[in-house]
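Read the structure below first, then the notes.
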Amino acid sequence: MDDENGSHLSVVIDLSPAQWHSSAQPPPDNPYPLPLSIFLAQLLTFLNAHIASKHENTLAVFGAFPGKSVMLYSSTDPPPQTQVIDANSYPPFKLVDSTIVTRVMEEFDEQAEITDEAPNSLVSALAKALCYVNRVTLPTTTTSSKQAEGRDPTILPDPRILVLSVSPDLSTSYIPIMNAIFSAQKLKVTIDVCQVYGPESVFLQQAAHLTGGSYIFLERRDALLQYLIMSFLSPPSIRKILSVPTQDKIDFRAACFCHKNIVDIGFVCSVCLSIFCQPVPVCSTCRTKFPMKTLQRLNAARPMLPASTASPSRAASSAPQARPSTTPATPKTNGSSAAPPGGLPHSGTIGNGTARTASANESGV
Amino acid sequence: MPPRRDNDKFIQEDSDSDISIDDGVDVVKNVKGKGKATDAQRKRDKGKSKTKDTQAYTWEASYTRSWESVQEDEAGSLQSSVDDWMARGRRRRLLAPSTAIRRTIIRHLVLLLDLSSSMMDRDMRPTRFDLMLQYAREFIAEWFDQNPLGQIGVVGMRAGIGERIGEMSGNPQEVLKSIADRHKLEPTGEPSLQNSIEMARSSMSHLPTHSSREIVIIFGSLTTCDPGNIHETLDSCVRAKIRISVVALAAEMKICRDLCEKTGGQFGVALNEGHFRDLLFELVPPPAQQALTRPAGGAATGTRAANPSADLMMMGFPTRLPDTSPPSLCVCHSEIKSEGFLCPRCLAKVCDVPTDCDICGLMIVSSPHLARSYHHLFPVKAYEAVLSEDQIPPDAPKTCHACARPFLTAPTATHGGDGLSPLGRYRCPNCQNDFCSECDIFVHDVVHCCPGCGK
Ligand SMILES: [Zn+2]
Ligand SMILES: [Zn+2]
Ligand SMILES: [Zn+2]
Ligand SMILES: [Zn+2]
Ligand SMILES: [Zn+2]
Ligand SMILES: [Zn+2]
């Protein structure tokens, strides 16, 4: 490629402790265990490869912790170098590695003091990554370092965001994720997704599809580094030639506004386009009242299954492997009582527990 | 360029906050003028505001003598002053009330293009006709961006008849293709408003009740050559709840104004090329639904106005099959192909969405289509400008919470007012994090999701 500028990579890492704990469990339940330490080691190798592949390449790393998102590293504001130079390491790599590891450990220490786990903050980390990309690609706000290098500020450094997710979809985050996708489209940012652990993510599939990125569901977790390097190292301009893996199916389901269930057949208000999982007499978003005869007609036309579980369970039977995240069809009264117990619960309950607490918290909004 | 004044304090290298404005009075006056225009319409492009009436650009008023408030910065550059001016404008726009929620989002629009010989006038460059085609293309692209489930049809007026140029379609490419070839649209003869409005009306007569019907007329002539009484056509449009808007290129005609006023549309006469574009693009955002602006919340039972056009629609969200899946027959064209969308109810394969399933009749839409308009519904709360250093706790971060850009360490002099923070800090009322002015604008204009609290 004759492109003189480097490319910008923002990495969003999902650092939900409970999910990483279950990801590290030994084989019988979990065929390819991947503890956080090995994940970080492989990720850092990938990040070093990105920095090494071109001098101009820039990097930013964001961590999504429960209830909090943090910028872990950015190459525009490098941290003061306090490390003793180690003769056996290349200083730029060392700087990235030690900064990220230190910050992650600090945050985990802070998290340890908080007992009940807040919902994952992937959305806010993604929003931060977008703001950061907006900052580094905006021609009017050239940072002084860029001007010093004499680079033409109007040429975008081919930005992309790589999301490394381990959590199931949080259905409360449907609208924010969608908004993030549309802003990425506006900024011409490619969103790549690697679902490292946990079920397939409906929303992140859509994110990758709509921004022209790749979505990879990691089956062999021990091969993480290979997946990263083969699929995500090359900037989008080169991928046309390389034929990186594309996604299999894309699931276009949405989350309903009333219970935050993920639905494949929904009832949509014609005024504001809010989605409901069952016919409602009044739109809760815009307060439009719907005609009685429509309600009767729609109730008659609905699938025969009982109300709250209708679409998710039917969907699960048609494509079981792709749709496990639909289980929390719980009304909010049950939701609050189903909060995860203290400590680290068994892996099976975590995804549902988090999603339920979240829907109980947010359904009043 | 006025000489630099000694009392100006120019502080640092960066961004949009290091300029001082002496004529405080002048600025305040401008804010008022601009504020009114902002209330009247939502607009996407900054500086594109204008009046809805026929007088000259009001925004010109806000730029009157603007050079008096422009100062060079230390390096002798005007860039920072200009940036500041823009920042104020954008900030002002963010502060405008963002409550109007009820909009008809499923829209149907017929674009009526004047193809009479008067369109060959060169008073707009290169000709009225070429300019109209160019703006019509931009309008269509922008319109579909903001009204993803809408449909547009195109009708031309030439040689005394209405001519169907493009059928109603929800696919922007199809609509653009219908007006792509300018040789097929060569202007000739007299226009007929009545004939073409009747044609537009008939193409919308079958539409379901919950969609809006609109006609947008771009009219360059000063005459219309009608076979009957155009007021009868007008009455039938009023009955059919068709909203007619006219952008006139020549001068005001009584009948055009009547058409707009009686049907609730907008009327404007373009003064020049830029104004023409502004008038047209003002018709892009969905019109707020009339007579339904009662405050939400209080009325939980009973008194809600029944909105005759509102309805609940059942929709299916499909699964998209990749190019690599085993080929099978589609139900719409009976062709063998790999890619396609699966109806979630009957699992039939269709080629394209949005559509109605040919087997079970379910309306299949891709959910991102719907989601494009959700930011209208759940706007991010406006950030509050941090006005003094007392409001900053001692352990507060020194950088923007979103993009990590460093904040100013000391307030810039002579700022404040206008909702601008002298410290360049804007605080989310929800999560109490501080953001820089760039992020403030970016979050509210584009991301629609606070990077601090994720709402
Ligand atoms: Zn629901
Ligand atoms: Zn509604
Ligand atoms: Zn077909
Ligand atoms: Zn079907
Ligand atoms: Zn910022
Ligand atoms: Zn916030």
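Consider the stretch A:283-322 and keep the residues that are modelled with pLDDT of 85 or more and either within 16 Å of ligand 6 (Cβ to nearest atom) or closer than 17 Å to A:LYS260 by Cα (or both). The one that is surrounded by the most Cβ atoms within 10 Å (Cβ to Cβ) is A:CYS283.
Go through the stretch B:298-383 and tell me which strands (runs of 3 or more DSSP E), entirely inside it, have 1 or more residues that are within 16 Å of ligand 3 (Cβ to nearest atom) and modelled with pLDDT of 85 or more. Please lay out each step first, then the result.
Values: elements: B:312-316, B:319-321, B:340-342.
Where strands (runs of 3 or more DSSP E) fall fully within the stretch B:298-383 and carry at least 1 residues being within 16 Å of ligand 3 (Cβ to nearest atom) and modelled with pLDDT of 85 or more, they are B:319-321, B:340-342.
In the stretch B:193-277, counting only helices (runs of 4 or more DSSP H) that sit wholly within it, none holds 3 or more residues that are aliphatic (A, V, I, L, M), at pLDDT below 95 and surrounded by fewer than 19 Cβ atoms within 10 Å (Cβ to Cβ). Has the stretch A:14-33 got at least one residue that is modelled with pLDDT of 90 or more and assigned to a strand (DSSP E or B)? Looking for residues that are modelled with pLDDT of 90 or more and assigned to a strand (DSSP E or B), one finds at least one in the stretch A:14-33, hence yes. Residues in the stretch B:353-374 that are of a type in the set (D, E, K, R) and more than 9 Å from chain A (Cβ to nearest Cβ): B:ASP356, B:ASP358.
Taking the condition of being hydrophobic (A, V, I, L, M, F, W, C) and within 12 Å of A:ARG253 (Cα to Cα), how many residues in the stretch B:310-340 meet it? Result for the stretch B:310-340: 2. For the stretch B:116-156, a residue qualifies if it is under 26 Å from B:MET204 (Cα atoms) and open to solvent by 30 Å² or more (accessible area, probe 1.4 Å), and the qualifying residues are B:GLN134, B:ARG137, B:GLU138, B:ALA141, B:GLU142, B:ASP145, B:GLN151.
Being within 16 Å of ligand 6 (Cβ to nearest atom) and more than 9 Å from chain A (Cβ to nearest Cβ) narrows it down to one residue among B:VAL350, B:VAL386; which is it?
Working: B:VAL350 fails: within 16 Å of ligand 6 (Cβ to nearest atom).
Criteria check complete, one pass: B:VAL386.
Return yes or no: is B:VAL443 of a type in the set (A, V, I, L, M, F, W, C) and part of a loop (DSSP other than H, G, I, E, B)?
Details: of a type in the set (A, V, I, L, M, F, W, C): yes; part of a loop (DSSP other than H, G, I, E, B): no.
Here the answer is no, as B:VAL443 does not meet what is asked.
Residue pairs whose Cβ atoms lie under 8 Å apart, sitting 6 or more positions apart in sequence or on different chains, and linking a residue in the stretch A:266-280 that is within 7 Å of another protein chain (Cβ to nearest Cβ) to a partner that is among the basic types (Lys, Arg), are A:VAL271/B:ARG102; A:VAL271/B:ARG103; A:CYS272/B:ARG102; A:CYS272/B:ARG103; A:PRO279/A:ARG302. For B:PRO148, the requirement of being out of contact with any Cys (no Cβ under 6 Å at 6 or more places or on another chain), away from chain A (no Cβ under 14 Å) and modelled with pLDDT under 90 is not met.
Among the residues of the stretch B:421-435, write down those that are more than 12 Å from ligand 6 (Cβ to nearest atom) and either closer than 13 Å to B:ALA382 by Cβ or at pLDDT 90 or above (or both).
First pass over the stretch B:421-435, keeping only residues more than 12 Å from ligand 6 (Cβ to nearest atom): B:421-425.
Listed by number, the list holds a single entry, B:SER421.
Restricting attention to the stretch B:322-344, which residues are within 16 Å of ligand 4 (Cβ to nearest atom) and open to solvent by less than 20 Å² (accessible area, probe 1.4 Å)? Explain how you work it out, then say what you get.
First pass over the stretch B:322-344, keeping only residues within 16 Å of ligand 4 (Cβ to nearest atom): B:328-334, B:340-344.
Within the stretch B:322-344, B:CYS330, B:GLY340, B:CYS343, B:PRO344 meet the criteria.
Quick check, is A:LYS240 facing chain B (nearest Cβ under 9 Å), modelled with pLDDT under 90 and open to solvent by 10 Å² or more (accessible area, probe 1.4 Å)? When the stated conditions are applied, A:LYS240 does not pass them. The set of residues in the stretch A:176-186 being within 8 Å of another protein chain (Cβ to nearest Cβ) and open to solvent by less than 30 Å² (accessible area, probe 1.4 Å) consists of A:PRO176, A:MET178, A:ASN179, A:ALA180, A:ILE181, A:PHE182, A:SER183.
Okay, residues lined up against (1) in contact with a helix residue (DSSP H, G or I) (Cβ under 6 Å, 6 or more places away or on another chain); (2) among the hydroxyl-bearing types (Ser, Thr, Tyr):
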position	(1), (2)
A:ALA208	no, no
A:GLU219	no, no
A:LEU225	yes, no
A:ARG239	no, no
A:ASP248	no, no
A:PHE257	no, no
A:SER270	no, yes
A:LYS293	no, no
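For the stretch A:60-81, state whether one or more residues are open to solvent by less than 50 Å² (accessible area, probe 1.4 Å), assigned to a helix (DSSP H, G or I) and touching a residue at least 24 places away in the same chain (Cβ under 8 Å). No, the stretch A:60-81 contains no residue that is open to solvent by less than 50 Å² (accessible area, probe 1.4 Å), assigned to a helix (DSSP H, G or I) and touching a residue at least 24 places away in the same chain (Cβ under 8 Å). The residue of the stretch B:436-446 that is farthest from ligand 3 (Cβ to nearest atom), among those that are more than 8 Å from chain A (Cβ to nearest Cβ) and not polar (S, T, N, Q), is B:CYS436.
The values are calculated or read from the model by the stated rules, or taken from the named source; none is laboratory data. Every value quoted in this text rests on a predicted model; they were computed, and no experiment measured them. Cβ: placed from backbone, ideal geometry, glycine included. Neighbour counts: every protein chain shown. When the accessible area is computed, the model is the full protein with side chains, heavy atoms only, and any ligands, DNA or RNA have been set aside. Shrake-Rupley method; radii C 1.70, N 1.55, O 1.52, S 1.80 Å.
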